[in-house]
1. I'd like the Karplus ³J(HN,Hα) series for segment 168-176: coefficients 6.51, -1.76, 1.60, θ = phi - 60°, whole numbers in Hz, and an x wherever there's a Gly or Pro.
2. Going by Cα centres, segment 110-126 and segment 174-220 are how many Å apart?
3. Rank these by accessible area, largest first, 1.4 Å probe: 54, 69.
4. Compute the long axis of helix 109-120 from its Cα atoms, compare it with the longest principal axis of the Cα atoms of the chain, and write down the angle in degrees, 0 to 90, nearest 10.
5. Express in Å², to the nearest 10, the accessible area of residue 28 obtained by rolling a 1.4 Å probe over the protein heavy atoms while all chains stay in place.
6. Compute the angle between helix 153-166 and the longest alpha-carbon principal axis of the chain, please, reported from 0 to 90 degrees and rounded to the nearest 10.
7. Return a whole-number percent for the relative contact order of segment 1-159, with Cα pairs under 8 Å and 6 or more residues apart as the contact set.
8. State the three equivalent ellipsoid semi-axes of segment 1-77, derived from the C-alpha gyration tensor as the square roots of 5 times its eigenvalues, in descending order and whole Å.
Amino acid sequence: YDQIVQWAAWVLRDNPATLAAHFHPALYVATQVVNVRGIGALMAALGGSHLVPEAPVYSALALAASAKEAPHRAHAAEAIAQLADAGLLDPALFAREVTAHLSDGFVMAARVAQTFTDAASISAIAGYRVLQTLELLLPGLIGADGKIVTQGGKLVEITAALSNEYGTPVEVPASLGAKRKGSSALAVAVRALEAVVPRSTVVAEEAAAQARAARDGDVA
């Protein structure tokens, strides 16, 4: 089945958005059950594309990031990092798709947080792009009822960790800032996020160098 996906990827090599859209049913099933085949091959094709990703690609990455099977999430993390390394990852578009799927209950925040953690560990620039994506995700974690999405605190925790690691403060939306009081894990994470001060770090400098290399076409 992996070979079938690879054939489809070859046929649609000039249109990764169509490839991603075609496999959305399989990706959704992969969030519910294990042993869904072809996800690894699909992530390899999307991550390895040299074309600018469109919304269907980011939607596919979001679903794969919440796959029930850990190896599928690992493949998603690798694809995210690969796009970041190539200078192709758009945090705003990615955050929009993840936010939509979180709101609709199609993805689980804890699984996405683990995938983002894995992606961030692959390279400095991947970690920075993940941080930018997370910053844009934060406003969508609190619903109209004032409650955070299920296990959304996991995403706040990784945001605080990466913000501190990169010495890059992120804006905490008022709706989330209201959760700073108390001893819950969410409150601790919000306070940690608010406490980050801007400073130069080795990993931030490395991310900047990798971003320049990608921009100048030095990425293999």
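1. For segment 168-176, the Karplus-derived couplings read 10, x, 10, 6, 9, x, 4, 4, 7 Hz, x marking Gly and Pro.
2. Going from one Cα centre to the other spans 13 Å.
3. Numbers: 54 105, 69 45 Å².
Correct descending sequence by accessible area is 54, 69.
4. 80 degrees
5. Residue 28 exposes around 100 Å² with every protein chain in place.
6. 80 degrees
7. Across segment 1-159, relative contact order equals 21 percent.
8. Value: 18, 13, 10 Å, ordered largest first.
The values are calculated or read from the model by the stated rules, or taken from the named source; none is laboratory data. What you are looking at is a predicted structure, and each value in this text was computed from that prediction instead of being measured. Positions of Cβ are generated from backbone atoms using ideal geometry, with glycine treated the same way; all protein chains shown enter the neighbour counts. These area figures cover heavy atoms from the full protein model, side chains too; ligands, DNA and RNA do not enter into them. Shrake-Rupley method; radii C 1.70, N 1.55, O 1.52, S 1.80 Å.
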